[in-house]
Amino acid sequence: MNELIPKPVKILKVKDQTPIEKLFTLGVKLGQKPGQFIEMSIAGVGEAPVSICSSPTRGNVEVCVRRVGRVTNALHRLGAGARVGVRGPYGNGFPLEKMRGSEVVLVAGGIGMAPVRAVLQYLLDKKKEYGEIKLLYGIRDYSMMLFKDEILKLMNSKACTVYLSYEKEDEVCKRLRKEYPERVCQGVVTKLFEMVKLNPEAHAVVCGPPVMFWFVFKEMRNRGFPIERLYMTLERRMKCGIGKCKHCVVGVGSMMKYVCKDGPVFSGVEALTMRGMKYVR
Amino acid sequence: MAKADLPKLFRTLAKYGPVVAPVRVGENVVFREVTSLEEVELEYTRSLTPPKKLFLGPQEEILKFDGEKYEEVFEDGKAVLFGVHACDINGLLKLDEIYLDSPQDEYYARRRENVMIVGMSCVPDERCFCTSTGSSYAYGGFDLFLHDIGREYVVRVRTERGYEFTKDGYFKRMEEKDFLAFKKAEEKKVRSIKRKVDLAGIGDLIDVTPKSLWEELTAKCLACGSCNLVCPTCQCYDVLDVLELDIRSGSRIRRWDSCMLKRHALVAGGGNFRPTVVERTANRLSCKVGGEIRCVGCGRCTVYCPAKIDLVEMLERIRVGA
Ligand SMILES: Cc1cc2nc3c(=O)[nH]c(=O)nc-3n(C[C@H](O)[C@H](O)[C@H](O)COP(=O)(O)OP(=O)(O)OC[C@H]3O[C@@H](n4cnc5c(N)ncnc54)[C@H](O)[C@@H]3O)c2cc1C
Ligand code: SF4
Ligand code: SF4
Ligand code: FES
């Protein structure tokens with residue numbers, strides 16, 4: 001089989017998330033692992049890697065895409081019924097089997113909420129197999145919050161404990177802070193660690209922009225969280241998604257890895273020992 | 001076989017498919033299609049572009065699309081790649097590790113199957129260092145290999161496909177004296193490769209090399225990417241879509257890319273994970289010798305660098321740390 005030929009897939013539904021992000025439901029089930037991604041293709045424009053933001057337990061594949069360049073803008077112009085090309089799923093995904101039986105702390109910032117949502121849905125659907133779920137989500141303001149309905153509903157439920165930080169206060173954020181003063185605060189996402197008791201027996205999943213990752217990493221480490229139980233995703237330029245084109249490599253010297261094939265999920269230990277990753281700071 | 005019989009072998013090989021061989025063009029030697037043995041440069045040091053171009057084209061169409069319907073594009077064609085040196089054959093074996101690894105690259109895999117390879121002993125110069133990278137001898141990765149032992153060639157057969165070409169009467173069984181001549185010729189070649197570089201643990205040394213030394217080593221680098229384009233083991237490619245005038249059909253093309261170019265690690269929004277030649281050179285060296293040795297010591301990147309940046313000198317300075 002030629003892995004580079006995309007499969008045509010129908011867009012079933014498009015839902016606005018923020019002024020720059022949309023959620024696409026695709027007419028395909030891929031049996032993916034949370035944390036895996038697909039290469040989405042628009043003929044004549046190109047391909048872009050995007051994380052699958054839905055759990056395999058929920059059926060069709062969903063992706064949440066931020067409009068930033070050629071492919072992503074072209075995608076935003078498409079509506080339900082249009083077709084896109086899909087390859088994948090690719091990448092390792094989160095080691096959810098290792099996390100079985102333990103508490104899971106999810107930390108998300110910005111578009112990082114997309115892969116985290118796939119994990120969250122999975123954990124909620126397999127509630128019995130996992131311990132407590134905590135979600136720490138950092139947003140700029142309410143307008144930039146992804147999956148608004150779902151997050152607001154979860155804040156009010158016992159299935160998981162949601163902690164929220166926002167940088168700019170608006171009406172909704174203010175209301176939420178008043179309603180849940182022990183779980184909502186103004187500031188960057190690391191500020192939430194003042195409100196959360198970290199359990200060193202837990203596992204953590206961290207997704208967000210590179211700067212955020214290093215701050216979260218340091219904060220958690222300083223608070224005694226074992227970094228070998230922490231997992232994060234990396235984003236790099238990608239072309240093939242299958243370990244050939246070598247655009248996505250990270251690391252220097254003897255520790256070089258393909259983000260597409262060896263990742264995009266890496267453990268805290270890998271993050272610490274792969275020097276190239278730190279150039280990001 | 002006697003050297004005088006080479007034209008015969010050439011003619012039977014040509015029945016398999018078009019022959020691509022080293023040809024002298026001005027100062028350089030390049031691989032191109034030939035119709036007679038006279039055109040072939042039998043004794044050369046290194047070709048400008050590596051023969052990998054037959055398997056991974058500098059620019060090739062991979063699929064056609066019409067709206068969101070995608071169709072594979074593949075030209076099937078047998079060919080003979082004639083006169084390839086041990087370093088370049090080893091280079092192909094290194095590319096095999098990437099392109100034949102699951103999921104394999106169908107384009108590469110099919111060409112690798114279709115193209116027959118006839119190796120040829122080389123004429124090393126002072127820039128070759130293949131004995132340090134373990135690639136001065138090809139154990140496999142070819143169909144036939146011709147070793148020059150004076151008036152004759154010792155022919156090593158590696159595949160059944162190659163064996164088919166050795167059935168003609170002018171091939172003789174090797175005798176004791178031929179083995180000795182072969183051994184002597186190989187020893188002479190190995191001795192003539194004077195350039196050495198110690199690669200043990202170099203990956204970790206690259207890792208701890210201070211920025212100041214990187215800056216010094218790369219000060220003259222033009223970020224032109226020539227070192228990548230001539231390298232027999234560079235694997236990177238870029239992909240782009242080309243639209244027809246009807247703006248719905250077109251083709252997806254891939255072409256060699258270069259990690260020394262600024263755009264290689266550029267992401268949307270202008271972020272770049274390897275913004276300067278320092279990070280890019282560290283990446284290139286890590287890729288070549290940081291972990292598994294992916295350099296075959298052909299010396300091309302040094303010979304064809306317009307800024308005269310010498311890979312082995314860089315590695316020596318990295319070892320010394322100053
Ligand atoms: C594993 C992974 C998961 C991702 N998940 C998501 C997601 O869920 N939602 C989302 O909105 N974005 C995601 N991204 C980022 C997304 O891939 C880029 O925003 C996208 O490639 C930009 O393409 P473009 O053509 O619109 O931009 P352009 O700027 O026009 O990009 C041109 C080309 O550069 C490459 N490129 C540019 N930026 C990136 C980047 N950040 N990562 C990889 N390649 C890039 C692409 O090959 C693209 O075709 C993910 C990236 C990776 C690597
Ligand atoms: S060929 Fe020389 S100048 Fe050009 S990118 Fe390579 S090292 Fe730099
Ligand atoms: S890195 Fe340089 S010497 Fe090594 S194989 Fe590539 S071109 Fe040849
Ligand atoms: S995206 Fe091509 S090697 Fe990783």
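Read-outs throughout are calculated quantities, based only on the coordinates presented, and are distinct from any laboratory measurement. The structure displayed is predicted, hence computed values, not measured ones. Methodologically, a virtual Cβ is constructed for each residue, glycine included, from the backbone with ideal geometry; neighbour enumeration extends over all protein chains shown.
In nm, what is the difference between 0.36 nm times the number of residues separating B:Arg263 and B:Lys8 and their Cα-Cα distance?
86.9 nm
Tell me, what is the FRET efficiency for A:Lys153 and A:Val269 to the nearest 0.05, using R0 = 51 angstrom and their Cβ-Cβ distance as r?
The formula returns an efficiency of 0.90 here.
Of all trypsin sites (Lys or Arg not before Pro) in the range B:107-180, which ones are in loop regions per DSSP and have a Cβ with at most 14 other Cβ atoms within 10 Å?
The qualifying sites are B:Arg151, B:Lys167, B:Lys172, B:Arg173.
Cα centroid distance between the range A:115-156 and the range B:22-82, in Å?
The range A:115-156 and the range B:22-82 have Cα centres separated by 53 Å.
Could you tell me the calculated FRET efficiency between B:Glu113 and B:Ser212, based on Cβ-Cβ distance and R0 = 41 angstrom, to the nearest 0.05?
Taking R0 as 41 Å, the efficiency between B:Glu113 and B:Ser212 is 0.25.
Report the antiparallel proportion of the DSSP beta bridges in chain A as a percent, rounded to a multiple of 5.
Antiparallel bridges: around 55 percent, rounded to the nearest 5.
With +1 on each Lys and Arg Cβ and -1 on each Asp and Glu Cβ, and nothing else charged, work out how big the dipole of the range A:234-281 is about its Cα centre, in Debye to the nearest 20.
Once rounded to the nearest 20, the dipole reads 220 debye.
With both partners inside the range B:1-102, how many of the DSSP beta bridges are antiparallel, as a percent to the nearest 5?
Here the antiparallel bridges make up roughly 85 percent for the range B:1-102.
In the Gaussian network model of chain A, springs joining C-alpha atoms below 10 Å, which of A:Val68, A:Val14, A:Val216 carries the largest mean-square fluctuation?
A:Val68
Mind listing which GluC sites (Glu not before Pro) in the range A:109-185 are in a DSSP loop and have 10 or fewer other Cβ atoms within 10 Å?
Hits after loop and neighbour filter: A:Glu182.
So which GluC sites (Glu not before Pro) in the range B:170-229 pass both tests, a DSSP loop state and at most 13 other Cβ atoms within 10 Å of the Cβ?
Within the range B:170-229, the qualifying GluC sites (Glu not before Pro) (loop, at most 13 other Cβ atoms within 10 Å) are B:Glu175.
Of B:Ala138, B:Leu95, B:Gly271, which is farthest on the positive side of the dipole of chain B, counting Cα position, with +1 on Lys and Arg Cβ, -1 on Asp and Glu Cβ, and the Cα centre as origin?
B:Ala138
To the nearest whole percent, what portion of all C-alpha pairs in the range A:81-177 is separated by more than 16 angstrom?
60
How far apart, in nm, are the 7 Å Cα→Cβ label points at B:Glu33 and B:Gln59?
A separation of 1.9 nm, rounded to one decimal place.
What distance in nm lies between label points placed 7 Å from Cα along the C-beta direction at B:Asp204 and B:Lys167?
Those two pseudo-labels are separated by 5.5 nm.
Is there a quick way to get the dipole size of the protein assembly as shown? I mean about its Cα centre, with the Cβ of Lys and Arg at +1 and of Asp and Glu at -1; what is the value in debye to the nearest 20?
1100
Taking N as the number of residues in the range A:7-90, what value does Rg over Cα atoms divided by 2.2 N^0.38 Å take?
0.97
Take the alpha carbon atoms of the range A:1-66, find their center, do the same for the range A:196-255, and report the distance between the two centers in whole angstrom.
23
Using the Cα atoms of the range A:234-281 to build a convex hull, what is its mean projected area in square nanometres?
Computed as one quarter of the Cα hull surface, the answer is 3.1 nm².
Projected area of chain A, taken from the Cα convex hull and averaged over every viewing direction, in nm²?
14.4
Using the charge dipole of the range B:3-192 (Lys, Arg: +1 at Cβ; Asp, Glu: -1 at Cβ; taken about the Cα centre), state which of B:Val157, B:Phe182, B:Gly83 has its Cα farthest towards the positive end.
B:Phe182
Write down the percent of antiparallel bridges among all DSSP beta bridges whose residues are both part of the protein assembly as shown, to the nearest 5.
Here the share of antiparallel DSSP bridges comes out near 65 percent.
Specify whether the C-alpha gyration tensor of the range B:203-255 places it in the rounded, prolate or oblate class, a ≥ b ≥ c being the square roots of the eigenvalues: rounded for a/c under 1.5, otherwise prolate if a/b is larger than b/c and oblate if not.
prolate
What does the charge count near A:Val104 come to, summing +1 for each Lys or Arg and -1 for each Asp or Glu among other residues with Cβ under 14 Å from its Cβ?
With Lys, Arg at +1 and Asp, Glu at -1, the neighbours total +2.
Considering only the other residues whose Cβ falls under 9 Å of the Cβ of B:Cys259, what net charge follows from Lys and Arg at +1 and Asp and Glu at -1?
+3
When Lys and Arg each count +1 and Asp and Glu each count -1, what net charge do the other residues less than 10 Å away from A:Tyr90, Cβ to Cβ, add up to?
Net local charge, A:Tyr90 excluded: 0.
Placing +1 at every Lys and Arg Cβ and -1 at every Asp and Glu Cβ, with all other atoms neutral, what dipole size does the range B:218-282 have around its Cα centre, in debye to the nearest 20?
Its charge dipole is roughly 220 debye.
Label point 7 Å out from B:Arg24 along Cα-to-Cβ: which residues of the range B:103-140 have amide N under 15 Å?
Under cut-off, by backbone N: B:123.
What base-10 log of the normalised intensity I(q)/I(0) is obtained for the range B:3-192 from the Debye formula, alpha carbons as equal point scatterers, at q = 0.13, 0.14, 0.15 Å⁻¹?
-0.72, -0.83, -0.95
State, in angstrom, two size descriptors of the protein assembly as shown derived from its alpha carbons: Rg to one decimal place and Dmax to the nearest whole number.
Spelled out, the Cα radius of gyration and Dmax of the protein assembly as shown are 28.0, 95 Å.
Report the one residue of B:Leu56, B:Phe74, B:Leu229 whose Cα lies farthest in the direction of the positive end of the charge dipole of chain B (charges on C-beta: Lys and Arg +1, Asp and Glu -1; origin at the Cα centre).
Final value for the positive-end residue is B:Leu229.
Quick check for you: which residues of the range A:179-198 have the amide N under 19 Å from the point 7 Å beyond the Cα of A:Asp170 toward its beta carbon?
Answer for the range A:179-198: A:179-180, A:184-189.
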